[in-house]
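So the structure is just underneath, and the comments pick up after that.
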Amino acid sequence: MTNVTGLQAGESAEEQAFQAKIDREERIEPKDWMPEGYRKTLVRQISQHAHSEIVGMLPEGNWVTRAPSLKRKAVLLAKIQDEAGHGLYLYSAAETLDASRDEMTEALHDGRAKYSSIFNYPTLSWADIGAIGWLVDGAAIVNQVALCRCSYGPYARAMERICKEESFHQRQGYEIMMVLAQGTPEQKEMAQDALNRWWGPALMMFGPHDSNSVHSSRNMAWKIKRRSNDDLRQQFIDMTVPQAEYLDLSIPDPDLTWNEETGHYEVGPIDWDEFERVVKGGGPVGRERIRDRRRAWEEGAWVREAALAHAEKRRQRKMQAAAE
Ligand code: BYC
């Protein structure tokens, strides 16, 4: 309800000006006033996104020593390094909202913060590296292209850079799948097996059905989220089914049908019980992922300390030079 001052009931003048700015498609920058709820939901989403990039290095890292050629190894290493870079852009974006890097890391390590459910599945064969690039990075691009238009400037700008790199990741995965699908019968079987295991989890990356998405309506109004979970999932399905056909691989869904009227593919039910379990760290390798992240953090402590000591030395030297 609008009162005599033109404000919505319960909404301050600051909140109204903030929403008006968003409605004009202007970006919100770190020094702008913002409601505490906007700041909190962004820190939640951006930090979860950053953790996903960092935890996402683990299933691929598992194959660096076993990549089938020097070229494949070099490409995989470059991709994993890109993921680390994505994590850093995103942690930096979250820091502009007064989130501390140490607190975000602690929240990941003690299980308070989520990361994408997809990374709680193991990489059992080389074809899984192809399937991750093709399906996981493919799903990530669909989600992240929409986030490039997010109302929060630093997140939107990080997304633009990340999307450029993700498109290379997706292509390298599809190319691995193409080589396997056109290879020996055993190689083709490996590719099909990877598709069978990653298809369902890839669909879950887009989050719960819209009717169960607790944050969607608020985040759409704030234009953090520009398109709904189901809408993006459908785009991914429509884009990926023909790609599987081109590979001559079958999507593991007996209910998959093409709806002539809507111009979309329809899929069978998604296993949301599995999603709930995996999101809570209950996937096949959930515990292992956090154990490995904790170990990497502890073993890297000396690097962080050395970098800080070096920065302090440089600062002291600069101050000394200025005083002379
Ligand atoms: N996994 O109300 P909803 C990559 C959570 S990394 C785990 O719909 P929202 C890559 C959700 O957070 C790409 N949790 O939420 C890296 C919320 O939990 P809380 C990662 C999930 O925010 C390395 C609750 O469920 N991409 O590509 O409106 C190698 C309710 O959901 C998941 C991003 O992080 C899930 N799949 O929408 C290779 C994208 N889905 O906080 C590749 C950024 C939902 O209430 N994030 N949840 O406890 C987003 O776009 C949105 O946060 C989501 C969810 C679409 C994921």
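A few points about this structure:
- Greater than 18 Å apart at Cα, pairs in Lys21/Lys225; Lys73/Lys188; Lys225/Lys280: Lys73/Lys188; Lys225/Lys280
- Convex hull (Cα only) mean projected area of the chain, reported in nm² to one decimal: 22.3 nm²
- Mean accessible surface per residue for the range 78-147, computed with a 1.4 Å probe while every protein chain stays in place, in Å²: 33 Å²
- Accessible-area value, Glu312, 1.4 Å probe, nucleic acids and ligands omitted, Å²: 70 Å²
- Accessible area ranking (1.4 Å probe, heavy atoms, ligands and nucleic acids excluded), largest first, for Thr65, Thr257, Thr240: Thr65, Thr257, Thr240.
- Distance histogram for the range 209-299 (every C-alpha pair counted, 10 angstrom bins, percent rounded to whole numbers): 13, 28, 32, 22, 4, 0
- Where the range 182-250 is the region considered: accessible area per residue in Å², 1.4 Å probe: 48 Å²
- Net charge of neighbours whose Cβ lies under 13 Å from the Cβ of Pro185, counting Lys and Arg as +1 and Asp and Glu as -1: -3
- Taking the Cα centre of the range 95-210 as reference, the dipole from Cβ charges on Lys and Arg (+1) and Asp and Glu (-1) amounts to some 320 debye.
- Rounded percent of accessible protein surface that carbon and sulfur make up, the range 22-61, 1.4 Å probe: 52 percent
- Projecting the Cα atoms of Ile132, Ser151, His209 onto the charge dipole of the range 125-258 (Cβ charges, centred on the Cα centre) puts Ser151 farthest toward the positive pole.
- Neighbourhood net charge (13 Å Cβ-Cβ; Lys/Arg +1, Asp/Glu -1) for Ala131: -4
- Relative contact order of the chain, pairs being alpha-carbon contacts under 8 Å that are 6 or more residues apart, as %: 18 percent
- For the range 236-320, with +1 on Lys and Arg beta carbons and -1 on Asp and Glu, the positive-most of Phe275, Thr262, Ala309 along the dipole: Ala309
- Shown are Lys79, Lys21, Lys40, whose ranking by accessible area with a 1.4 Å probe and every protein chain present, most to least, is Lys40, Lys21, Lys79.
- Computed [θ] at 222 nm, deg cm²/dmol, the chain (DSSP H ≥ 4; -39,500 (n - 2.57); rounded to nearest 500): -20500 deg cm²/dmol
- Local electrostatic count at His51 - Lys and Arg +1, Asp and Glu -1, tallied over other residues with Cβ under 12 Å: +3
- Of the Cα atoms belonging to the range 13-110, the radius of gyration and Dmax stand at 18.1, 62 Å.
- Solvent-accessible area of Asp137, all protein chains in place: 10 Å² (probe radius 1.4 Å, heavy atoms, ligands and nucleic acids excluded).
- Rg of the Cα atoms in the range 162-201, relative to 2.2 N^0.38 Å, amounts to 1.31.
- Test item: Cα-centred dipole of the chain, Lys/Arg +1 and Asp/Glu -1 on Cβ, debye: 1480 debye
- Debye log10 I(q)/I(0) at q = 0.31 Å⁻¹ for the range 112-151, Cα point scatterers: -1.03
- Rounded to whole Å, sorted largest first: equivalent-ellipsoid semi-axes of the range 65-125, Cα gyration tensor: 29, 16, 8
The values are calculated or read from the model by the stated rules, or taken from the named source; none is laboratory data. Bear in mind the structure is a predicted one, so any value in this text is a computation, not a measurement. Cβ: placed from backbone, ideal geometry, glycine included. Neighbour counts: every protein chain shown. Remember, those area values only see protein heavy atoms, side chains included, never the ligands or the DNA or RNA. Shrake-Rupley method; radii C 1.70, N 1.55, O 1.52, S 1.80 Å.
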